[in-house]
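Engineer: What follows is a single structure, and I will ask about it in a moment.
The values are calculated or read from the model by the stated rules, or taken from the named source; none is laboratory data. What you see is a predicted model, and the numbers here were worked out from it, not measured in a lab. Don't worry about glycine lacking a Cβ; one is built from the backbone with ideal geometry, like all the others, and counts go over all protein chains shown.
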């Protein structure tokens, strides 16, 4: 998905589409009012956002999964399978399924635990109940009212903000920020607050500061080398900024639409540029899983990890939902 340029600014096109945005919001509100959510026997933690794409939900889910495993809890991840061909509910098999079939985010989540995809979130939860889970972690689904959430985390990117502040398709918002905050138990906040978002968060709402850092061992191996970087994620610039902040020499960058499936010719051209500049061709782990197997051999994936500013606050919040994790 290539996001429209006018989503980043208020302009004539955004204003023209605004009535459709109001209809989008009305349908969402009606769906939430009429829904009868399924309540799973296991606690459900939902990680979502109000902005379409690129907020950093999956790293939060992976961090929550690591928190659970460190306390002998078995998480099962619930994903949508965005960009894939299978509708689900389906238990993902990383040895059988490809990103084309089940989406890139689901493949990343399988590295950390059992992952189930499907747009029917209640059906996914029912399927997960037979997979030996102690907790269900939803990657996205904040606006989906059909599965009861025991803890809802709203992810905000302080660098990007809310775009032009309008609702889809006039802007990037799935819903207005105040509506999302009303249902959120806490906010996960990335980066510097360049758009004064923190001032809009109620004082009683916990804010979990977080940042993404590239894998230290990989950064050490690449230190002193030239890099050519490409990304097909919501906001590719975030990836390039991470590399440069880690001291890497990024010579050139190539942006692709979110969830883009790469053609061999695209990779070959970038690899030729890298060879000409004596550089290493790198991309995100999320992009790498969308490459055909032969193409993966010429591209280095960069793993990122979420680091909490205040881990004790995260502990306190999660232990309210998962008291057994302290035993």
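Engineer: Which residues, taken from segment 77-106, are at positive phi and in contact with a helix residue (DSSP H, G or I) (Cβ under 8 Å, 6 or more places away or on another chain)?
Structural biologist: Step one: list which residues in segment 77-106 are at positive phi, which gives 81, 83, 88, 103.
Of everything in segment 77-106, those that are at positive phi and in contact with a helix residue (DSSP H, G or I) (Cβ under 8 Å, 6 or more places away or on another chain) turn out to be 81, 83, 88.
Yes/no matrix, rows are residues, columns are (1) surrounded by 21 or more Cβ atoms within 10 Å (Cβ to Cβ); (2) over 27 Å from residue 16 (Cα atoms); (3) modelled with pLDDT of 95 or more; (4) not assigned by TED's automatic domain parsing to the domain that holds residue 138:
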residue: 155; (1), (2), (3), (4): yes, yes, yes, no
residue: 160; (1), (2), (3), (4): yes, no, no, no
residue: 173; (1), (2), (3), (4): yes, no, yes, no
residue: 176; (1), (2), (3), (4): no, no, yes, no
residue: 179; (1), (2), (3), (4): no, no, yes, no
residue: 185; (1), (2), (3), (4): no, yes, yes, no
residue: 188; (1), (2), (3), (4): yes, yes, yes, no
residue: 191; (1), (2), (3), (4): no, yes, no, no
residue: 197; (1), (2), (3), (4): no, no, yes, no
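Engineer: So is residue 90 more than 19 Å from the chain's Cα centre (by Cα), assigned by TED's automatic domain parsing to the domain that holds residue 319, surrounded by fewer than 22 Cβ atoms within 10 Å (Cβ to Cβ) and closer than 24 Å to residue 143 by Cα or not?
Structural biologist: Numbers: more than 19 Å from the chain's Cα centre (by Cα): yes; assigned by TED's automatic domain parsing to the domain that holds residue 319: yes; surrounded by fewer than 22 Cβ atoms within 10 Å (Cβ to Cβ): yes; closer than 24 Å to residue 143 by Cα: yes.
The answer is yes for residue 90.
Engineer: Here's a check for you: in segment 304-315, which residue that is surrounded by fewer than 16 Cβ atoms within 10 Å (Cβ to Cβ) and at pLDDT 95 or above is nearest to the chain's Cα centre (by Cα)? Step through it out loud before you land on a result.
Structural biologist: Here is the first cut: in segment 304-315, the residues surrounded by fewer than 16 Cβ atoms within 10 Å (Cβ to Cβ) are 305, 307, 309-313, 315.
So of that shortlist, the ones also at pLDDT 95 or above come out as 307, 309-313, 315.
Details: 307: 15, 309: 19, 310: 21, 311: 20, 312: 23, 313: 21, 315: 21 Å.
Here the answer is 307.
Engineer: Taking segment 75-117 on its own, how many of its residues are under 23 Å from residue 208 (Cα atoms) and outside any helix (DSSP H, G or I)?
Structural biologist: Residues that pass the stated criteria total 6.
Engineer: Among the residues of segment 75-87, are any more than 28 Å from residue 3 (Cα to Cα) and assigned by TED's automatic domain parsing to the domain that holds residue 12?
Structural biologist: The first filter runs over segment 75-87 and keeps only residues more than 28 Å from residue 3 (Cα to Cα), leaving 75-76.
If we keep only those that are assigned by TED's automatic domain parsing to the domain that holds residue 12 as well, we get 75-76.
Yes - at least one qualifying residue is present in segment 75-87.
Engineer: Please enumerate the residues belonging to segment 202-224 that are within 29 Å of residue 187 (Cβ to Cβ) and either touching a helix residue (DSSP H, G or I) at 6+ places or on another chain (Cβ under 6 Å) or touching a residue at least 24 places away in the same chain (Cβ under 8 Å) (or both).
Structural biologist: Of all residues in segment 202-224, those within 29 Å of residue 187 (Cβ to Cβ) come to 202-216, 219.
Those that are within 29 Å of residue 187 (Cβ to Cβ) and either touching a helix residue (DSSP H, G or I) at 6+ places or on another chain (Cβ under 6 Å) or touching a residue at least 24 places away in the same chain (Cβ under 8 Å) (or both): 205, 206, 208, 209, 210, 211, 212, 213, 214, 215, 219.
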